[in-house]
Amino acid sequence: MGAADRPRRQERPAALGETAAGETALTAPAPDLAAGTQPPRESDNGTQPPRESHDGTQPPRESHDGTQPPRESHDGTQPPRESRHGTQPPRESGDGAEGRAAGPPAEKGERGWRRALLATLGFDALARPSGAHPQDRPGDRPWRRAWFAGLGVFAASKVGLAAVSASAWIGDQGPGRPMRQIARLWATQYDSPWFIAIAQHGYQPTADASPAAFFPLYPVLIRLVTPLCLGHSWAAALLVANAALLVALVLLFRLAEHEMDRAAAGRTVFYLVAFPTGFFLTAAYNEGLFIALLVAAVYCLRREHWWRAGALGALAATARSAGILLVLAFAFEYVRAHDLLRPRAWFRSQSYFRTRAYVRARHLVSRPSYVGAHAAPARQKMPINPFFAAIGAARKGGAIDRDRKTHADWPVNADRGAQAAGPRQQRAAGAGPSRRTRRPGGHRGALAILLIPAGLGAVMAADWHAYRDPLAFSHTQATHWGRHPAWPWQAPIAAARHPGAWFTEIWAHNLLELATVTLLGVLLVLALAGPWRLRRDQMLFPLLGAALLVFMISFPSRYTHDIPYPLLSTSRIGLEIFPAFLMLGRIGGRPWLDRALLAAFLGTQGVLAAHFLHSGWVA
């Protein structure tokens, strides 16, 4: 018999600290004497019991509309004011002051994208979320908010680069240029013609196999989009690059909000496009495409979607050679998520102990199993290891059910499980699985890691078909651009020892590359130690960032008179190390630091973008 079916006792009101067994959450709880509170509506001498209603059966602890009692504050001393709807108290802002009254019920949803857009543009005070985490609210739409935030940053960056494109010709005495020619400058500089040539003609055989240095995914997309641009490959290259940038901003905002908070997510995506070499994300380069695939794969790893992460990793490996590093990220996150470093957890996860042949000769016991967010049945059957079940039952003081031939799971709290957005939120709500209680079937998801090297294998097959050399993409880097394997510290030391004469072009390039490596390294160190360090379950980000950074500086250009830049293109490739930008968004919460970073980044980017439009080498 439930709480609603029990007759209410009319002899006396409920005593302080006394509640009925099985009482629902909507019933008003008794005040806590341990917190130092006083009974409601007492007289001055403290002896009068709470006032009863007209029929003498119900103490008046209800709200104005008679449906729900007001909630107490954290210290239990005074209930907060109710909202204008009379059903929910107002939430507090991040600084502890009382926020606005709560809106309509959750099923109507909230316009969270406005807050995301305000946070992205720097109005953190107006965009500060009120109440619980966005994922805890059923009416929240995180992906819609991410799209609006990404669109806002994307539009702001295009307005800024349009202003640079217009003002870059101040003092130029030459003839006027049409707008189409200015647009073509963003697609016909340095590496861009290589991508367009591969999209038009494929990997043409050459003496040094130089086209093999450029991976095929971006040229393939250009080839597919060219008919939509009326046959203009340069326009298709710009369209693909900017569409990939928009998707990268949306995914990065969603990942940063999932791992940190909304304000830090807005700063992260803005710092990425405001970085001194951020204009390369708008030009016909493949950095934006690789960042989108990299962030999408990491997001799927964090959500434990192993096969999706493997497929995205395979695509990333066909975009840039650094995509193979997702193998390390996949292995690390899979081991961490399944607790495979603990022998007992590994032993229990083996599929042999869940087979029918093993279970048929032994009795089974009842225990809760995995019920996912999208699992339709509330009860499911799964054979389990009787040895560990007996140990668990003995430790918990329970008994083994020796009469059951099958295993029936305990029902879960459907209300709490429905409010959780994923496995992590389910575990926090108490409805999802623990780290050691997984779906049956072993570790089939681990096989998805093989998809990532398969992507690189497809690139090697294309190089073999075109140049009869499966490693042509590496050999041409050595012959054409002077890149050779080296220890990670050799290139920064060479850049510091041969900076060039002060305030010259060589000195400026080496300073920019060396400052980029130093900044990225410091940010990754702060992810491990210091006041802004990440949680232990977020160690995937500094690991992947360190792998990308070491890989970037381990193939430097040897210092020669023709190529006096040991850290060649490091300031551009450094955009791909998105974990460092996550840390930058985390640190930039202090206003003075945020303004200093934006002033330095945007000022430098304007100068470099104008130099790029004048056919100058940047990175």
- request: Express in nm, to one decimal, how much length is gained between SER210 and GLU505 on full extension, taking 0.36 nm for each residue of separation and deducting their alpha carbon distance.
  value: 103.6 nm
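Quote the FRET efficiency, to the nearest 0.05, computed for HIS201 versus ALA162 with a Förster distance R0 of 25 Å and r equal to the Cβ-Cβ distance. Show your work: numbers first, answer last.
Details: r = 32 Å, r/R0 = 1.28.
Efficiency at R0 = 25 Å is approximately 0.20.
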query: Taking only the alpha-carbon positions of the stretch 511-590 and ignoring solvent, what does the Debye formula give for the base-10 log of I(q)/I(0) at q = 0.13, 0.24 Å⁻¹?
result: -0.42, -1.09
query: Karplus couplings for the stretch 534-542 from phi (6.51 cos²θ - 1.76 cosθ + 1.60, θ = phi - 60°), rounded to Hz, Gly and Pro as x?
result: 7, 5, 5, 6, 9, 5, 4, 5, x
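Per-residue counts of other Cβ atoms within 10 Å, averaged by peptide: what ranking do you get for 448-461, 269-282, highest first? Please list the in-between numbers first.
Values: 448-461: 18.6, 269-282: 25.1.
With the highest mean Cβ count within 10 Å placed first, the list reads 269-282, 448-461.
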message: So if I restrict to the alpha-carbon atoms in the stretch 544-619, what is the Rg, and what is Dmax, the biggest pairwise distance, in Å?
response: 15.1, 44
message: Shape verdict for the stretch 477-619, please, from the Cα gyration tensor: rounded (a/c under 1.5), prolate (a/b greater than b/c) or oblate.
response: oblate
task: Set Lys and Arg Cβ to +1 and Asp and Glu Cβ to -1, take the dipole of the stretch 169-257 about its Cα centre, and tell me which of CYS229, PRO219, ALA241 lies farthest positive.
output: CYS229
query: So for the stretch 489-588, taking the charge dipole from beta-carbon charges (+1 Lys/Arg, -1 Asp/Glu), which of GLY530, LEU567, ASN510 sits furthest toward the positive end?
result: GLY530
query: Peptides 233-242, 169-178, 548-557: what's the order by average Cβ count within 10 Å, highest mean first?
result: 233-242, 548-557, 169-178
- line: Of 594-603, 610-619, ordering from highest average Cβ density within 10 Å down gives 610-619, 594-603
message: Less than 13 Å from a label point 7 Å out along the Cα-to-Cβ axis of LEU340: which backbone N atoms in the stretch 294-314 qualify, by residue?
response: 306
query: Rounded to a whole number of µm²/s, how large is the Stokes-Einstein D of the stretch 208-321 at 20 °C and 1.002 mPa s, given Rh as the Kirkwood radius over C-alpha pairs?
result: 143 µm²/s
message: Counting only other residues whose beta carbon sits under 12 Å from that of VAL618, what net charge do I get with K and R as +1, D and E as -1?
response: -2
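Can you tally the net charge around GLN538? Count Lys and Arg as +1, Asp and Glu as -1, for every other residue whose Cβ sits under 11 Å from the Cβ of GLN538. Intermediate results must be reported in sequence, preceding the final value.
Details: positive: ARG302, ARG336, ARG533, ARG535, ARG536, ARG586; negative: GLU259, GLU333, ASP537.
Once all neighbours under 11 Å are counted, the net charge is +3.
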- prompt: Once you list every other residue whose beta carbon is under 13 Å from the beta carbon of LEU456, what net charge do they have if Lys and Arg are +1 and Asp and Glu are -1?
  reply: 0
message: Would you work out the Kirkwood radius for the stretch 477-537? I mean one over the mean of 1/r across all pairs of different Cα atoms, in Å.
response: 13.9 Å
field: Extension gain, ARG141 back to ARG303 (0.36 nm per residue minus Cα-Cα distance, nm)
entry: 56.6 nm
task: Using a Förster distance of 30 angstrom, determine the FRET efficiency expected from the C-beta separation of VAL550 and CYS229, and round it to 0.05.
output: 0.20
query: By its C-alpha gyration tensor, with a ≥ b ≥ c as the square roots of the eigenvalues, how is the stretch 243-310 shaped: rounded for a/c under 1.5, else prolate for a/b larger than b/c, else oblate?
result: oblate
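Using a ≥ b ≥ c from the Cα gyration tensor of the stretch 170-254 (square roots of the eigenvalues), is it rounded, prolate or oblate, where a/c under 1.5 gives rounded and otherwise the larger of a/b and b/c decides, a/b for prolate?
It comes out oblate by the Cα gyration axes.
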- prompt: On full extension of the chain, what length is gained from MET539 through LEU598, given 0.36 nm per residue of separation minus the C-alpha to C-alpha distance?
  reply: 18.5 nm
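Read-outs: derived from the displayed coordinates by stated rules, not from any lab. As the structure is a prediction and not an experimental result, all values here were calculated from the model. Please note: Cβ atoms are built from the backbone with ideal geometry, for glycine as well, and neighbour counts cover all protein chains shown.
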